[in-house]
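Working notes, beginning with the structure itself.
Please treat every number below as a calculation from the coordinates, not as lab data. All values reported here derive from a predicted model rather than from experimental measurement. For neighbour counting, all protein chains shown are included, and Cβ atoms are generated from backbone atoms with ideal geometry for every residue, glycine included.
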Amino acid sequence: MATPGISSAETPPPEPAGLIAPGWHIAVVIIFLLALAALSAWRGALSPVGRVGANARAANYAVVFVWEWLTVAFIAWGVRKRGHGLSELVGGRWPTLSAFGRDLGISALFMLGSGVILAIIRWAMQDRPNPALLNLLPDSPAEMALWVVLSATAGFCEETIFRGYLQQQFAVLTGDKGAGAALQAIVFGACHGYQGAKSIVSIAVYGFLFGLLANYVKNLRPGMMAHFLQDSVAGLTGRALLKRIHA
């Protein structure tokens, strides 16, 4: 029976059971991520700061470091409202040293397999690094040190944001874990728009593979390790390889 004075149209529909944070919370996270991505793509750089001054790379690294941790903090606050914690999204710590070794092995196999898949996709699409991607690579020893810190941040924060939070939320909203992995991958790819349209496709595929990995192992630890290792190695070796190619 309808409550007197309140029409059924005024009653908000119930949220799907199982959401780890309120529905409005996921909307805020997505809008924030896509807004920053759009500004970065418009500026043609890693972050909305763009390429300004001699310390452009360090400034871009700092901005990304801050916004990723702010996003994780907002997610932590949101899931706590439903009685959850970040440790649940990550899958907890390593219970034993052998568990650490197992996850490291899984991450190595994932890097190998995903690397082959992405190389084929980029070759087929003739995807080449654009100026924004080349400009973000570290050059000096100080920038390299900052890059390693940024890679560690990306490994933890991006896996928590996309495979931990968004993937679970999308899986509940769609009722399908595969769809959850696919939707977060689309957002993940869009957040790298500064690298160009072709790279968005390959990065979205990369994000989907990370999502499948998370669904398979039921935690984020191997993905975090692979993400950190891939980003750090690519950044530290990328500029040297480019100099050799163009020498």
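Table for the structure above
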| quantity | calculated |
| --- | --- |
| Percent of Cα pairs exceeding the 26 Å cut-off, where the set is the chain | 42 percent |
| Ranked list, fewest to most other Cβ atoms within 10 Å of each Cβ, for Y61, Y194, Y216 | Y216, Y61, Y194 |
| Residue exposure sequence - S47, S40 - by fewest surrounding Cβ within 10 Å | S47, S40 |
| Filtered trypsin sites (Lys or Arg not before Pro), the stretch 69-158: DSSP coil and at most 15 other beta carbons within 10 Å | K81, R82, R93 |
| Hits among aspartates and glutamates - C-alpha to C-alpha of K177 under 19 Å, sequence gap 8 or more where chains match | E15, E88, E158, E159 |
| F32 paired with I120, simple spin-label distance in nm, labels 7 Å along Cα-to-beta-carbon | 3.8 nm |
| Burial ordering of H84, H227, fewest other beta-carbon atoms within 10 Å first | H84, H227 |
| Mean separation of Cα contacts under 8 Å (6+ apart) over length of the chain, as relative contact order % | 27 percent |
| Loop-located trypsin sites (Lys or Arg not before Pro) in the stretch 168-247, at most 12 other Cβ atoms within 10 Å (DSSP) | K218 |
| Gyration tensor (alpha-carbon) shape descriptor, the stretch 41-132, a/c threshold 1.5 | oblate |
| Chain lengthening between R80 and A179 when straightened (0.36 nm per residue, less Cα-Cα) | 33.2 nm |
| Virtual spin-label span in nm between F100 and A17, 7 Å along Cα→Cβ | 4.0 nm |
| The chain: calculated mean residue ellipticity at 222 nm from DSSP helix runs of at least 4, using -39500 (n - 2.57) | -23500 deg cm²/dmol |
